[in-house]
Every structure is written in structure tokens, then in C-alpha cells.
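Any read-out appearing in this document is the output of simple, stated calculations on the displayed coordinates, not a laboratory observation. All values derive from a computational prediction rather than experimental measurement. Backbone-built Cβ (ideal geometry, glycine too); neighbour counts: all protein chains shown.
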Amino acid sequence: MNRRSFVKSGLATSALLGLPNLNTAMAAVKFDSSKPFRLKYAPHLGMFRHSAGEDPIDQIRFMADQGFTAFEDNRLSAREVSLQQQIGKALVDLNMEMGVFVGNWEVRRGDGLAAGDESVRAAFVAEVAASVEVAKRVNATWMTIVLGNRHHKLEPDYQTANIVETLKQASAKLEPHGLVMVIEPLNHLHNHPDVFLSKIPHAYLICKAVNSPACKILFDLYHQQITEGNIIQNIDYAYEETGYFQIGDVPGRKEPTTGEMNYSNIFRHIHSKGYSGILGMEHGNFFPDKEGEMSLIKAYREVDDF
């Protein structure tokens, strides 16, 4: 029986016995939000909409009230400029940091980057350059870069060389502004079967070859648990080229404590290395509605207690 089925079964049993169910219990949980989390976990819009309402700024305020000190938004570059400005102001007012947004929202599909297609490369570099203004509006440092699919008629090493050249050109647009693109390996076994970049060692090699402070690794713990595991040792091997982490448990891509990963140990290890950056909460909520949101916060309080 999987965990979700077990939980549902437990809820039904509780109802039959006249006991309070999990949702009722979670609604009554009081969280100590008087102090920030130890690490800079960054929720995203929609994660707390049942508790905070649909307004994006109200959602960010709710995050701050719960002790979160960072925020990320993949779709930021696609949002209205006025909303970007409002988000930037709210983060300053609340003393929160901006995490990643996707820097190549349009040029992130297909195999053109791996193939070395000059028109795709030019469009990619132009989009990254345009993201500088987006970053300024919200005081961002990092932008996620997805490198698209592998090319089926070109040797892998040539594809890597094409990617390195593209990232060198994009890095030159970001370096003068102190901005960093973080390239994200995605798992090829479950979510992205044809993706070019799927492993941390490959991302490490690429960042070493690009050799720029503007090009680092986005270490997504969910994807890498699926692709290669060995999470803590890979963190150590790739740490000097890692600029950002993202979170999600396996299976299901929900909050920590809902799957197989020992996030308490992982977070303890990241903290022990002196990491002062952001860990993006790029996952869904295991339980629905407001009670599920409270359950998610409780899970983070548990794994952050080390």
C-alpha cells in the first residue's frame, strides 16, 4: 500500500472510530513562526493560496509570516512588469531574498542548443540578456537555464562543446551585472526522457569548461535522486560549481518527509558546508487545501530542526 492510500485509509478509520482525522488535527497545529528557518527555503506562488488567498503579494507576505526568508518564481519573466515590480518591493519590505526564475522561458525546448544551431543560440543569448532587466526588478541573482533535448545525429561530445560555447556567450551578458545562470540537470527516467543534461557530473564538466562565475549548477535533489542517487557524495563532488539547490521528495515530487529521501540528513550536510544560498521548494503539496499547507510547513519545521 502506498503512503497516500495508507493516509486515506487512516482517515476513514478515524472517522469510523469517532477520532479526529488528520486534516482536523493539522488545522489545529500551531507553528512557531517567531524565528526564520535555519536554511533559506523558497516557496513559490500557489503553494499557500488556500491560506493566503489568490493575490501574489499576500501569498509572499504569508510565506514571510511562517518564517520563510526566500521566494522563487519560475514564471517571473512571463509576468507583467508591474507585478514583477510589486514582487520586488514586497521582498525588500519583508527582508526576503529572490531565488530563481527561468531565464530562457521561450528557448528551452528542442535540440537546437545541443546541435549548435546558430539561430537558436542567438535567440537563447538574447533571451538571457533580456532577463537582466527582470532580475533587477526583483533583486535576483540566479536564473534557471534548461538546455533542451539531446540531438540524435551528433556525437555527445560535440553536443557538449556546442552547449559550452553557447553558455560562454550567455555568461558574457551576465557577468557585468553579477548575475548567475544555473544549469539544471533533469531526470531522463521519469519526467524528461530525451533531455540533454541529466547528471550532475556532466553539469560539473560543463561549468568547468565555461569557466565563468555566471554559470553554475542547479542541483535539483528530486531529479538527481531519480537519475543517480548518491546525493550527499555528489553534493561534495560538485559543490564548488553548485549555485543553487531545489527540493522535492521521491516518489511524487512533494514536500520532505513524504517519500524515501532523508532530508534532515541532506539539509544538515548542506548547512555544514557553509551554504548560504537558497533552496527552492519546487514541488507540490502532498495533502490538499489549507490543512495540506499547514502540513507542509510542519514538515519543513521537522527537517530544519538539526
In degrees rounded to 10, the 0-90 angle between helix 118-138 Cα long axis and the longest Cα principal axis of the chain is 50
In nanometres, the difference between 0.36 nm per residue of separation and the alpha-carbon distance of residue 168 and residue 153 is 3.0 nm
A student applying the Cα gyration tensor rule (rounded when a/c is under 1.5; otherwise prolate if a/b is larger than b/c, oblate if not) would label the stretch 166-237 prolate
Going fewest to most other Cβ atoms within 10 Å around each Cβ, 142, 105 line up as 105, 142
Relative contact order as a percentage, the chain, C-alpha pairs under 8 Å and 6+ apart, gives 17
Residues whose modelled amide H sits under 5 Å from the amide H of residue 97, counting only those 5 or more places away in sequence or on another chain, are 70, 71
The local net charge around residue 285, scoring Lys/Arg +1 and Asp/Glu -1 for residues other than residue 285 whose Cβ lies under 11 Å from its Cβ, equals 0
For the table 89/208; 208/273; 40/273; 254/290; 40/298; 153/199, the rows whose alpha-carbon distance is greater than 25 Å are 89/208
In the neighbourhood of residue 162 defined by beta carbon distances under 9 Å, the net charge of the other residues (Lys, Arg +1; Asp, Glu -1) is -1
Taking a crude spin-label model, label points 7 Å out from Cα along the C-beta direction, the residue 109 to residue 228 distance in nm is 2.8
For the stretch 134-185 the mean separation of alpha carbon contacts under 8 Å (6+ apart) over residue count, i.e. relative contact order in percent, is 61
For the chain, longest principal axis from Cα atoms; helix 3-17 axis from its Cα atoms; angle between them, nearest 10 degrees, is 10
For the chain, the longest principal axis of the Cα atoms and the Cα long axis of helix 289-303 enclose an angle in degrees, to the nearest 10, of 70
For the chain, shape from the Cα gyration tensor axes a ≥ b ≥ c, cut at a/c of 1.5 then a/b versus b/c, turns out prolate
Interchain or sequence-distant (5+) residues whose placed amide H lies within less than 5 Å of the amide H of residue 41 are 69, 279
Most exposed to least, judged by fewest other Cβ atoms within 10 Å, 295, 276, 171 sort to 276, 171, 295
